[in-house]
Structure formats: C-alpha cells, structure tokens
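Q: To start, I am sharing the structure in question, which I have written as structure tokens.
Only the coordinates and a few stated rules stand behind these numbers; no lab work does. Predicted, not measured: the structure shown is a model, and the values here were computed from it. Note: ideal-geometry Cβ built from the backbone for every residue, glycine included; neighbour counts use all protein chains shown.
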Amino acid sequence: MNKDEYKKLVEEYTPKEKKLKNAFLAFLVGGAIGFFGQVIVTILETSFGVETKDAYIWLCIFIILIASLLTSFGFFDNWVSKCKAGLILPTTGFAHSVTSAALDYRKDGLITGLGSNFFKLAGSVLLYGIISGFFFGVLGVIFYG
Amino acid sequence: MIYLNAFLLAGTLCLLGELILDNTKLTPGHVTSLFTVLGSFLAFLGIYDKLIEWGGAGATVIISNFGNMLYQGVIEGYHEMGVLGLFTGVLTKSSAAIATSVIVAFLLSFLFKPKN
C-alpha cells in the first residue's frame, strides 16, 4: 500500500465519527452559552429592572469579562481546541482572540509587541464587520429610507 | 419558551460554524468574519431583529450580532444626523464589545503571563 492509498484509508475511517462528535459538542456548548445568556438577561430584566436592549449589552460585557479571565488563567485554549466553534463563534471567541494576542505579545514591548499585535486575530472581524455594516447600512438607508 | 429557543438558535449557529470548519479549509478567522458579515446582511434583510425576538440571547451571544449592531448603528446614526451619521454611528452600538475587550485584555496582559 502506498502513501496515498493509506491516506485515503485513514480519511475514510477516522474523521466521520470525529466530525459528528465535533458538531454535537459545538451545538451543545454554543447552545449552553445561549441558554445561560438568556438566564442572565431575564434576571437583569426582572430583578434589576434593566431594559431588554441594555440587558443584551450587559450580557455581552459579562461574556467578554469571563472569557478574557478564563483565557488569562490558561483554561480557555484547551477548551477552544476541544469545543471549537462552540466557543469560537459566540462573543467568547472574540474576547479570547484579543486577550491571547495581548498576553502572547506583551513581552515584545508595549508598542511593538502589545500595540501592534493587539488586533492580530480579531482584526479581520473588526475590518469586515465595519465594512459590511457600513455598506449594508448605506443600502438600508437607500432602500428603506 | 425563550430559554429553549436561545439554546437551539445559539447551538444551531455554532453547529453550522463547526460544519464549515470541519469540511472546508477555512480557519476560525474566516468563519468568524463570515458570520459577522452574515449578521449585518441578515440585519439588512430585517431578519436579525426577528431572530433576537425569537431566540433572545441565543441570537445576541453569537459574533454575527456584532455585524447586526454595526448595521443598526449606521441606520440610527443616519436618522439622527443624516449623512454624517453614517460615519459617526457605525461604531456606537458595538462600542461596548470593542471597548470592554480592549480594556480588559490590556489590563490582563500586565497581570498574567501566557501559559504555553
């Protein structure tokens, strides 16, 4: 059996089950974040009289705080490599990418390290978010007034 | 049942992301950017508001909500200040997310060392 055949054989057997497991785990973890997020929003609304719109913003801040702290403690890298999209797609992923870049490059100095690498990973989300938000916004203004 | 909806919506979006990650060569950076753009596109179609109505926090914890907030900021800015508002408004709503992650990450980088 040559290398290519072997590769094919490996591909045929291993990843399918792993993909299924990954997908299930992402669904479960992502769903759990949505669920607990909703619990926090409801608590803020009913016990603290926060408006729904503001409650979502508070939730966003809490999630970023928690994810950044967990990244600093060193737990999050492991979890992300296991749960992948379940932790990358929620706001936790954004916070994780900013904090881990900050921690990793801090040793290279305040400007050339921390400053220039701060948005190394989250930069594309910011860039394409602002570009698409702006142009779809302009389209929205044109279409809906 | 808003809690179940939140679970299902956030879970399904993450499942979609995982399927893209596992079956294509796209990296997490691609997928998060894609979802952000998708979020502002869905906001443009008027769908994102409905998703939030149906799934509550399930729709707002996902990065696509970042695109939605950027879109809403542009629209709100236009209604308040006209054309100038397109530029001043775009970052208003998403400011909480950007500012929090910048401030927190900056402070934490002085307190902690990277683990690996």
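Q: Looking at chain A, do any whole DSSP H helices span at least 27 angstrom along their long axis by alpha carbon and average 1.6 or above on Kyte-Doolittle, and which?
A: Values: long enough: A:15-48 (47 Å, 0.76); A:52-73 (32 Å, 1.67); A:123-144 (30 Å, 1.93).
Those that clear 27 Å and a mean of 1.6 are A:52-73, A:123-144.
Q: Next question, about the same structure. Answer with one residue from A:ILE142, A:PHE94, A:CYS60: the one whose Cα lies farthest towards the positive end of the charge dipole of chain A, charges on Cβ with Lys, Arg +1 and Asp, Glu -1.
A: The residue sitting farthest along the positive end of the dipole is A:PHE94.
Q: Same structure, new question: Remind me, what semi-axes does the protein assembly as shown give for its equivalent ellipsoid, largest first in whole Å, using sqrt of 5 times each Cα gyration tensor eigenvalue? Don't skip to the end; give the middle numbers.
A: On the way: eigenvalues 182, 107, 80 Å².
Calculated on Cα positions only, the semi-axes equal 30, 23, 20 Å.
Q: Order of A:PHE75, B:PHE41 from fewest to most other C-beta atoms within 10 Å?
A: On the way: A:PHE75 12, B:PHE41 19.
Going from least to most buried by this count: A:PHE75, B:PHE41.
Q: If you don't mind, another one. Once both labels are modelled 7 Å past Cα along the beta-carbon direction, what's the B:LYS50-B:LEU26 spacing in nm?
A: Once both label points are built, they end up 2.2 nm from each other.
Q: Just the Cα atoms of the range A:11-145: what Rg and Dmax do they give in Å?
A: Calculated on Cα positions, Rg and Dmax stand at 18.4, 55 Å.
Q: Something else now. Can you give me the span-like helices of chain B, meaning DSSP H runs with 27 Å or more of Cα extent along the axis and Kyte-Doolittle mean at or above 1.0?
A: On the way: long enough: B:2-23 (31 Å, 1.43).
Result, helices passing both filters: B:2-23.
Q: Quick one: if you stick a label point 7 Å off each Cα along the C-beta vector at A:VAL138 and A:ASP108, how many nm between them?
A: That separation, rounded to one decimal, is 3.4 nm.
Q: Can you give the helix-only mean residue ellipticity at 222 nm for chain B, where every DSSP H stretch with n ≥ 4 adds -39500 (n - 2.57) and the sum goes over all residues, rounded to the nearest 500 deg cm²/dmol?
A: Details: 7 runs with 94 residues, N = 116.
The helix contribution divided over chain B gives -26000 deg cm²/dmol.
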